[in-house]
1. Mind pulling up the Rg/Rh value for region 8-87? Radius of gyration and Kirkwood radius, both on Cα.
2. Of the cross-linked pairs Lys115/Lys345; Lys115/Lys332; Lys36/Lys323; Lys286/Lys345, which ones have a Cα-Cα span greater than 24 Å in the structure shown?
3. When the helices in the chain are scored as -39500 (n - 2.57) per DSSP H run of 4 or longer and the sum is shared across all residues, what 222 nm value do you end up with, to the nearest 500 deg cm²/dmol?
4. Which longest run of the chain has no exposed loop site in it, a site being GluC sites (Glu not before Pro) in a DSSP loop with at most 16 other beta carbons within 10 Å, and the site itself not part of the run?
5. I'd like the distance separating the alpha-carbon centroids of region 271-306 and region 211-230, in whole Å.
6. On a 0 to 90 degree scale, rounded to 10, what angle separates helix 230-242 from the longest Cα axis of the chain?
7. Once label points are set 7 Å from the Cα along Cα→Cβ at both Lys219 and Met267, what is their separation, rounded to one decimal in nm?
8. Subtracting the Cα-Cα distance from 0.36 nm times the residue separation, let me have the gained length for Leu241 to Glu81 in nm, one decimal.
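The values are calculated or read from the model by the stated rules, or taken from the named source; none is laboratory data. Bear in mind that the values here come from a model prediction, so they are computed numbers and not experimental data. Heads up, the Cβs are rebuilt from the backbone with ideal geometry, glycines too, and the neighbour counts pull from every protein chain shown. Surface accessibility is based on the protein's heavy atoms, side chains included, excluding ligands, DNA and RNA. Shrake-Rupley method; radii C 1.70, N 1.55, O 1.52, S 1.80 Å.
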Amino acid sequence: MSTAAESSEHAPVTPYNPPPGLDAAMAAVPLADASKLPTRIGYLTNYSFHIWYQIVIEVMKRRAAQYGVEVEILDAELSVEKQIEQARELAQRVDVLVLTPANTSGLEEVLAIGKAAGVPVVVEANPVEGMATMVAICDYDAGFDLGVWVGNSVRNADGSPLRILDVGLPWLRPCLLRSEGFVEGVRSVQPNAVVTASINGEATPSIARKIAAETLGEKGDVDVIFAMDDETAQGAYQGYLDAGFDANTVTVAGFGLSGEHEKDWLMRREALKVSQGMFPEYVGLKCVDGAVRLFDGQSVSLRDETPTVSLTADNLEKYYPKKDGVWTPDLKAIAAIPTRGTCTKV
């Protein structure tokens with residue numbers, strides 16, 4: 001099997017075409033009050049080829065521009081060693097860092113590098129021991145809520161247990177928590193639901209497609225494909241079709257609902273019935289706001305929890321109305337989604 005770094009080097013970039021109304025949507029969320037501002041923010045991302053991070057990067061640049069601040073991005077391509085070296089490099093020329101860890105462990109060194117350079121660090125998505133603050137959803141709880149939706153909405157007519165294909169990314173704890181929460185959420189409604197197989201999609205659609213086809217060819221049909229992100233959900237769904245199964249008998253439950261394609265697919269009411277919205281536009285905005293506050297020496301929450309909700313064809317347009325024919329985030333509506341305050345599992 002290829003390594004994470006090898007996979008990301010060959011993964012095609014999913015381009016993000018910002019909607020014309022993006023800046024207006026961002027302006028609806030007030031800037032953070034600060035007595036002093038950084039000049040330059042450095043962003044150490046884990047894999048920028050993914051549509052999620054394409055959106056986060058674009059929004060970070062635009063939000064920073066609203067403060068008069070520049071952003072520099074370096075991509076670790078899922079390599080811990082590369083990300084640590086990039087941190088050493090970037091800490092010498094920025095005032096504050098934002099870090100999306102390339103792995104669940106091994107990134108504590110980035111915090112030490114930041115401390116030695118007098119550069120505070122905002123963590124995104126994946127906790128690092130000793131961090132000052134992290135911008136993230138409650139992954140287990142979000143997965144559980146999605147599982148409850150599936151448990152209530154997807155049932156076999158003959159009463160047989162739901163069969164689930166779990167498509168994950170096991171080297172990132174948030175993704176493990178999403179899978180765990182999803183299965184337990186489904187079983188809270190349908191206790192007999194079974195996980196036919198758990199596969200590593202490596203955050204890459206082509207890999208998810210190949211492994212899903214091979215696995216399902218061996219294990220047999222499933223009723224639900226769950227994936228920790230929508231891109232690998234799409235790949236696994238294509239693998240499901242490659243294995244010869246019926247598109248009309250499977251439900252895809254994704255995570256993120258980041259790109260245009262995913263939203264269009266959801267609205268067609270085909271296999272993709274639900275995706276746990278993670279709102280990368282809001283996350284990018286919160287990363288920059290958090291960096292400004294941290295640099296200013298303000299008190300910050302250890303977990304700056306961002307909202308999430310199960311998105312379907314019935315509620316998508318509440319949070320992403322179409323303006324001039326383009327899906328555009330309503331950041332004010334997104335910001336109004338209640339957060340939990342305390343995560344069940346971290």
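1. Numbers: Rg = 14.4 Å, Rh = 14.1 Å.
Over the Cα atoms of region 8-87, Rg/Rh equals 1.02.
2. Details: Lys115/Lys345 28 Å; Lys115/Lys332 34 Å; Lys36/Lys323 36 Å; Lys286/Lys345 22 Å.
Pairs exceeding 24 Å: Lys115/Lys345; Lys115/Lys332; Lys36/Lys323.
3. -12500 deg cm²/dmol
4. Working: sites that count: Glu129, Glu270.
The reported range is 130-269.
5. Taking the Cα centre of each part, region 271-306 and region 211-230 sit 31 Å apart.
6. Approximately 30 degrees, to the nearest ten.
7. Using points 7 Å along Cα→Cβ, the separation is 3.3 nm.
8. Values: separation 160, 0.36 × 160 = 57.60 nm, distance 3.74 nm.
Going from the current span to full extension adds 53.9 nm.
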